[in-house]
Amino acid sequence: MALKAEKLKVDGYETVLTAEDSSVGLKAIIAIHNTHLGPSCGGIRLLPYRTQSEALEDVLRLSKGMSYKSSLAGLGFGGGKAVIISEVSKKTPELFARFGELLETLKGRYIAAKDMNVSTEDLMAVKTTTSHVLGIEGVPGSSGDPSPVTAVGCFEALRATWELVTGKPDLRGVTVALQGLGHVGWDYAVRIREAGGKLIVSDINEPILAKARTELRATVVDNNAIYGVECDVFAPCARGAIINPETLPRLKCRAIVGCANNQLATPAEGQTLWKKGIVYAPDYVVNAGGIINIFVEYEGYNRAKAIQKASAIYDTVKTILRRAEKEKTPPFLIADKMAEERLYG
């Protein structure tokens, strides 16, 4: 069976493309939200979505989020995303090579990278049929693992937020409750500890918790208990929608600065945080180091340049929080407004 592709018309999106090839088990959607600032870029996500509608909703949300993230990071990228509807156990090199053929038809308007359940080997298979893929570890000129760069941005966002909350950029003695010690979460925690901060951590990985106890002198708590601990800053670094009607009333912090995506379950939680006086640094600003790393690769990779651009998240967060105070508007809405000002002029 040949690759079958169809364009969907979706208001507010430049291109939405669905494709299928049952001979290799490919069923995919690519969404290009906006290319005003440059070619769209975003990861390929592979999940066993229950329905096509669920997959479409996810790819639309994610691609728009990438437009906003790249815009606020000052990059020459627009927003795009791809989803492949499949069980992880059923992915093959042939499936990803055929996806690359689909990607090639867009002639560089969408540049793909790695996202959930997609490995370096999968990207290598994509690259056999298109050149429009970045972030492949081990390839000459690649940006490699983005975690250290993302952690730099998170740490700079923390410094900026704490300075706006207290007037002091010094993090010595500041207690951070950090949920999720994955690649970015661990690097973020190390930077906090090196700056003199105190850590309360949770994770489902027992060995990493043991390491945090010994190497970072962190206090370990249960995953559910992390929401209710007394702390200065809560740092969600795992799942999305973590700030929700069940968890929000339990928070005992002055600010939220984490690297997880889509931390607010709904915009209503952002409004509630604002009313409660908890300063929320918008997640897609905080965790922009990953897309920054990819953009520097797109221009010709230099790790020092990537770190420098990620460090500028400090200034971006300060600008957002100052505007929030001045305009008496929650920071997540100010961030959206600033992204749209650059996206749409």
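Using only side-chain charges placed at the Cβ, +1 for Lys and Arg and -1 for Asp and Glu, the dipole size of region 147-344 relative to its Cα centre rounds to 480 debye. Beta bridges per DSSP, both residues in the chain: antiparallel share near 40 percent. Using the rule -39500 (n - 2.57) for each DSSP H run of four or more residues, divided by the residues of the chain, the 222 nm mean residue ellipticity is -13500 deg cm²/dmol.
With K and R counted +1 and D and E -1, the other residues having a Cβ less than 10 Å from that of Pro148 yield a net charge of 0.
With contacts taken as Cα pairs under 8 Å at a separation of at least 6 residues, the chain carries a relative contact order of 16 percent. Given +1 at the Cβ of Lys and Arg, -1 at the Cβ of Asp and Glu and no other charges, the dipole of the chain around its Cα centre is 760 debye to the nearest 20.
The long axis of helix 267-276 is offset from the longest Cα principal axis of the chain by roughly 10 degrees. One quarter of the convex hull surface built on the alpha carbon atoms of region 1-60 amounts to 4.6 nm², the projected area averaged over directions. The length gained by stretching the chain between Thr175 and Thr92 to full extension, at 0.36 nm per residue less their Cα-Cα distance, is 25.4 nm. From the Kirkwood radius over Cα pairs of the chain, Stokes-Einstein at 25 °C and 0.890 mPa s returns a whole-number translational diffusion coefficient of 119 µm²/s. For the chain, build the charge dipole from Cβ charges (+1 Lys, Arg; -1 Asp, Glu) around the Cα centre, then report which of Thr219, Gly345, Gly197 sits farthest towards its positive end. Of the listed residues, the answer is Gly197. When exposed loop sites are taken as GluC sites (Glu not before Pro) in a DSSP loop with at most 13 other Cβ atoms within 10 Å, the longest stretch of the chain clear of them is 88-245.
Cα convex hull of region 41-84: mean projected area in nm², to one decimal?
In nm², the orientation-averaged hull projection of region 41-84 is 2.7.
What trypsin sites (Lys or Arg not before Pro) in region 250-328 are in a loop by DSSP, with at most 10 other Cβ atoms within 10 Å of the Cβ? Qualifying residues, ordered by number: Lys328. Relative to the longest principal axis of the Cα atoms of the chain, the long axis of helix 206-215 lies at roughly 50 degrees. Computed about the Cα centre, the dipole magnitude for region 79-236 is approximately 220 debye when only Lys and Arg (+1) and Asp and Glu (-1) carry charge, each at its Cβ.
A crude spin-label estimate for the pair Val139 and Asn244, with each label 7 Å from Cα along the Cβ direction, gives 3.6 nm. Once backbone amide H atoms are built at 1.01 Å from N, Asp115 has Ile44 as its partners under 5 Å, excluding neighbours fewer than 5 places away on the same chain. Extending 7 Å from Cα along the Cβ direction at Glu57 and again at Val10 yields two label points whose distance is 1.3 nm. When the charge dipole of region 217-333 is built from unit charges on Cβ atoms (+1 for Lys and Arg, -1 for Asp and Glu) and taken about the Cα centre, the candidate among Gly270, Gly240, Leu321 whose Cα reaches farthest toward its positive end is Leu321.
A Förster distance of 51 Å, applied to the separation of the beta-carbon atoms of Thr166 and His36, puts the FRET efficiency at 0.85. Taken over region 4-127, the alpha-carbon convex hull comes to 93 cubic angstrom per residue. For region 317-326, the Karplus equation 6.51 cos²θ - 1.76 cosθ + 1.60, evaluated at θ = phi - 60°, returns couplings of 5, 4, 4, 4, 5, 5, 5, 4, 5, 5 Hz by residue, with Gly and Pro reported as x.
In the chain, the longest principal axis of the Cα atoms and the axis of helix 93-104 are about 90 degrees apart.
Note the full-extension length gain between Lys337 and Glu206 as 0.36 nm times their separation in residues minus their Cα-Cα distance, in nm to one decimal.
43.1 nm
Within region 134-251, all pairs of alpha-carbon atoms sorted by distance into 10 Å bins from zero give the percentages 13, 42, 33, 10, 2.
Ordering Val165, Pro330, Asn261 by Cα displacement along the dipole of region 147-344 toward the positive end leaves Val165 in first place; charges were set at the Cβ atoms of Lys, Arg (+1) and Asp, Glu (-1).
None of the figures in this text is laboratory data; all of them are computed from the coordinates on show. Since we're looking at a predicted model, the values are computed, not measured. So basically every Cβ, Gly included, is an ideal-geometry build from the backbone, and we count neighbours across all protein chains shown.
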